[in-house]
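**Q** Dropping the structure in here first, questions after.
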Amino acid sequence: MERFWKNKWFVGLVYLLLVLASLYMLLQIKPIMFSVFTFIKAILTPFFIAVIISYILNPVVNILNQRKVPRTIAVLLIYSVFLSSLTVIIMNMTPMFVSQIAELNEHMPQMAMRAQSIVDGFNQNKLLPDSVRNGFNHSLTKLENSISMAISNYMNQIGNTINMLFIAFIVPFVAFYILKDFQIIEKTALAIVPKEHRKKTIKLLIDIDTALGNYIRGQLLVCLIIGVLAYLGYWLIGMQYALLLASVVAVFNIIPYLGPFFGAAPAIIMASTVSLKMLLFVALVNLAVQILEGNVISPQVVGRTLHMHPLFIIFALLVGGEVAGIVGLILAVPFFAVMKVIIQHVFLHYVHKPTT
């Protein structure tokens, strides 16, 4: 009878039933949990962002600290370099960025009329079936309504804008204190763990850092490189608003697999209102940039640190997008990478634990 209770398959089945029962109970109290989650999210958002920033910058602080620079001075030095660089970039890029946005806003009605004339040409020449034309026109109308509604909602949600500005103001201070006392926080967290589990906990944290740290830092560098390459490509082919469109490519590239399609969409749509030749050039630029990213840049910068199958990454993206939209798409892969490491350690400790 004792062997039956110690059987790993029986123990696994019990754990599975407990998890399913917990999920069922959570579904029953979903409205309460949603309210609690909204409240907690509002409070913890600045701390969560600050933790990510601290995690990215901590290796630099450690390098300076090893060279006899106090952590407080090291953090202030990093902040000074970052703010100085950001000021130089803003002073040089903002006029170009603002002029491109103003020019885009000025020419937007002309582009809309050109796009409409293209659609009308398809309609008059009967190049598309009636059902396709009706669906296309309906989609355009729906898109216009969605954009106007989104702008209206944004203008009405002044409170959310103020809250975002407050978060942006408080995050650097929270990140400063986390970076300054990073080692103290680590020691305090480990002190809570029982002594017999500390070595395994440290091993778990090291594995998480190996799987996650290089990915996050490398992915940010890849996005920067992709943005520069896209800007150079758009500039070479004479595409208007090159800086603005390349920025979109860089930002969306942080989403694995799906990001390049989202990032290239605005440039392709805009190029389609210029000429077929420009449309082909823009498509070729994005194709060339993504080939370089997939075969040269990402393997060299990020490497295969996650050891996750592409199908599993796609599954993670589907789950993340369903749960939290764009933010979920961005955080899905690193979150699942952390969960993978934790599950591996749990199985190693409990399921494959040698019997005495």
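The values are calculated or read from the model by the stated rules, or taken from the named source; none is laboratory data. This is a predicted model, so every value here is computed, not measured. Quick reminder, even Gly has a Cβ in these numbers, built from the backbone with ideal geometry, and neighbours come from all protein chains shown. Protein only, heavy atoms only, side chains kept; ligands, DNA and RNA dropped before computing areas. Shrake-Rupley method; radii C 1.70, N 1.55, O 1.52, S 1.80 Å.
**Q** Roughly speaking, what % of Cα-Cα pairs in segment 232-296 are separated by over 20 Å, rounded to a whole number?
**A** Values: 368 of 2080 pairs.
Of all Cα-Cα pairs in segment 232-296, 18 percent lie more than 20 Å apart.
**Q** Excluding L258 itself, calculate the net charge of residues whose Cβ lies under 15 Å from the Cβ of L258, where each Lys or Arg counts +1 and each Asp or Glu counts -1. Intermediate results must be reported in sequence, preceding the final value.
**A** Details: positive: none; negative: E293, E322.
So the environment of L258 carries a net charge of -2.
**Q** Now for a different question. Quick one: Karplus J couplings for segment 59-67, per residue in order, coefficients 6.51, -1.76, 1.60, θ = phi - 60°, nearest Hz, x for Gly and Pro?
**A** Result, ordered by residue: x, 5, 4, 5, 4, 5, 5, 5, 8 Hz.
**Q** For M239, M164, what's the largest-to-smallest order of accessible area, 1.4 Å probe?
**A** Details: M239 15, M164 130 Å².
Sorted by accessible area, descending: M164, M239.
**Q** Follow-up. Ranked highest first by the average count of other Cβ atoms within 10 Å around their residues, in what order do 63-73, 311-321 fall? Could you put the intermediate results ahead of the total?
**A** Working: 63-73: 12.5, 311-321: 16.3.
Ranked by mean Cβ neighbours within 10 Å, highest first: 311-321, 63-73.
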